[in-house]
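Structure first, then comments.
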Amino acid sequence: MRLHRSGWVVATALVAVGALALAGCKGGGSDEPSKPGGAVELKIAFWGDFGLDELKAKYEAANPNVKIVLNSGEYNAQHEDLQKKLIAGSGAPDIAAIDEGFIVSFRSQADKFVNLLDKGASKYQDKYLGWKWKQSLSADGKTQIGLGTDVGGLAMCYRTDLFKAAGLPVERDKVSALWPTWDDFIKTGQDYTAKSKKKFVDNGTNLFNPILGQQPVGFYDESETLKMDGGPKAAFDMTLKAVGAGLSANLPAFSPEWNAGFVKGDFAVLACPAWMQGHIKNTAPDTAGKWDVAAIPGGGGNWGGSFLTVPKQSKNADEAYKLLEWLIQPEQQIEIFKKVGNLPSQPALYKDPAIADFKNPFFSNAPVGQIFSKTAEGLTPQYLGKKNGPTRVAVENVINSVQAGTTKAADAWAQALKEADKASKA
Amino acid sequence: MRGLSHRLHRFDVKHMPYVLIAPFFILFAIFGLFPLIFNGVVALRTWRLDDPAQDGWAGLANFERLLTDEDFGNALYNTFGIFVLSTVPQLLLALCVAFLLNRRLRGQTWFRVSMLLPYITPLTASTLVFLVVFGRDTGVANWVLSVVGVDAIDWRAGKLQSWVAIATMVNWKWIGYNALLYLSAMQTIPRDIYEASALDGATAWKQLWRITVPMILPVVIFTVVLSTIGGLQLFTEPMLLDSNPASASGGSNGEWQTIAQLIYKVGWKNLNLGYAAAMSWALFLIIVVVAVVNTVLTNRLGGGKR
């Protein structure tokens, strides 16, 4: 009898432990909204370097009740993650950065974001480049899901020391004069590789993207039809021409090898949207003063540029908007520009001496403020379809496989058509 | 009172065993069985995270699409290629290692423990070290090749070399683990059988194949089934080999994209959950078939009669 009773006790205890373990699996999340008076935690999700580290400290100092959590991840993964969490209904950050390459697919789910017009964002409409404001506006024009941070006006960054060693001019106007067109650019590259025995550009994909950004129509037209024969074909052909001429160091963009390439000087030029400056500076700080910025062949264009949005599931939407609004104020935007080079999308700032007169010592004191704002003002942006992101990745993969030698250049375009088509339907 | 104690006793004898094993089965039902069944339901539906408006029963459409999907065929091919390159040498080498360890050696324990080191190393850590080995421009593997006069290999540029790179990582991790399993089975074989065969003039090689392997056959079958399951679900190594580990594309041209990677890509990057669920079920069925075939084959080769 005694034995049986103790058996009972043990069994009950076991079941209880099991039940507790199960309960433990269910709970645990700290999803409760923050208590009034307690600390408000605001999560910001983005990729690369948005130049937020010091601004975070500044904002937290001014708003002691707010704690900001920065979450930087891989570019594609952050957008996919946001999409998952929007559907799942929880887990999204309080402020989510969205790149222009993905904005169309998110603005068509405008009901999942806080309408910033309700929060009084309409007063900023006139401050933005017209197209930038429209990019994040829902189709019916009634919901503004995000406010623009930067635009990716294009220029060409180049290594003055490597140019000099190869007998090329180093002064930025003369360098710009070397390559009014992409064909001239390839000729200059052949000249460089012949003399230096080194590769000229980092990777074919980093030619493809800016050339595509210069075309009137990108992967998709406004009716969401895949249009590979227009802009993408032109950009693809020019890219393969450069690859075929032996200019590419074949370092997959944003890979560790690519980053090592900056340090080792494996390539002499790099297509430079404004936001790329920060990456170069962070990756190869020792190359300070060895870079300069010239015009990009083929005229103006845009590559990248982001928005800050507040997903509706944020428990602290008001605080999130307050932070977002603070971040897009001229003072902060100029701060970010100086730190990582991201060019603001509010044209009035281009005339602000803080930007207009800004010379970047890392880039041989190039007047990057003027250079990049000039490219941004004269811009007619492309429509970027809902599937723009995955389509771009698919075509980049084909370019990479040509560079690796697994796909023959002659078959590459057919392959790109097939992969892009697959991506558009995936 | 007597009645209560009687009922308690009956409960204890008849039902207590079930109560005691219940926690496992409750957990299994929630985290094992439910996902499996729910996955089957999802496989029959259209479920897209990027377009929630598309929703509803799809019937077998997802499975039909699988049959003509080039990407799936490619992933299947890669998975089997890597599977053969990793499992076969892995188990054979493990057998040889176990056979050697089973002899009288100096520092026996040291050897046995060190065999297990790769197994207890975290997978991500060891894979990241292998990435340094298999780097294209500065990798150790290419340096060794250059010493013996072979041209540098771009390990990510083709099927065969990327498969070899991944198979090397898998083999390195699992040879010791399998060897220890074999070793423990070998130690149950009575010494006098070996002694008798030695008297009859059997060589070490003959002893291995005629005595050892048949006598440890159940363990061999167990390792074959386990490595079949593991090999066909290969995920971490191919993911990390990519220059952009978040892309899940297994190389710029899908050179080494495994099925597990493709499922991840379709589900969580293309956000097509219905189709990904269908792929998971297809993978499940493939594993069952391959595991059964492997078991039968091993049994035959080992001379078993089960």
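The values are calculated or read from the model by the stated rules, or taken from the named source; none is laboratory data. Since this is a predicted model, take the numbers as computed values, not measurements. Counting neighbours? That spans all protein chains shown, and the Cβs are built from the backbone with ideal geometry, glycine included.
So the values come out like this:
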| read-out | value |
| --- | --- |
| Condition met for B:Thr212 (within 30 Å of B:Val41 (Cβ to Cβ) and touching a helix residue (DSSP H, G or I) at 6+ places or on another chain (Cβ under 7 Å)) | no |
| Residue within the range A:325-342 that is within 19 Å of A:Ala271 (Cα to Cα) and small (Gly, Ala, Ser) present | yes |
| Answer residue from the range B:16-30, given it is surrounded by 12 or more Cβ atoms within 10 Å (Cβ to Cβ) and not small (Gly, Ala, Ser) and is nearest to B:Gly59 (Cα to Cα) among those | B:Ile30 |
| First in the range B:120-136 and β-branched (Val, Ile, Thr), second anywhere and at pLDDT below 90, Cβ under 9 Å, 6 or more apart | B:Val132/B:Thr138; B:Val132/B:Gly139; B:Val133/B:Gly139 |
| B:Ala61 assigned by TED's automatic domain parsing to the domain that holds B:Ile259 and among the small types (Gly, Ala, Ser) | no |
| Long-range neighbours under 7 Å by Cβ, at least six apart or interchain, first residue part of a strand (DSSP E or B) within the range A:89-118, second of a type in the set (Gly, Ala, Ser) | A:Ile95/A:Ala320; A:Ala96/A:Ala45; A:Ala97/A:Ala45; A:Ala97/A:Ser306; A:Ile98/A:Gly146; A:Ile98/A:Ser306; A:Asp99/A:Gly304; A:Asp99/A:Ser306 |
| Output for the range A:257-295, where each listed residue is in a helix (DSSP H, G or I) and touching a Lys or Arg at 6+ places or on another chain (Cβ under 8 Å) | A:Glu257, A:Gly278, A:Thr287 |
| Any hit, the range A:320-339, residues being within 14 Å of chain B (Cβ to nearest Cβ), farther than 30 Å from A:Gly89 by Cα and either in a loop (DSSP other than H, G, I, E, B) or among the hydrophobic types (A, V, I, L, M, F, W, C) (or both) | no |
| Some residue of the range B:6-28 being under 30 Å from B:Lys159 (Cβ atoms), within 13 Å of chain A (Cβ to nearest Cβ) and more than 23 Å from the chain's Cα centre (by Cα) | no |
| Within the range B:206-298, helices (runs of 4 or more DSSP H) holding 3 or more residues that are of a type outside the set (S, T, N, Q) and away from chain A (no Cβ under 14 Å) | B:217-232 |
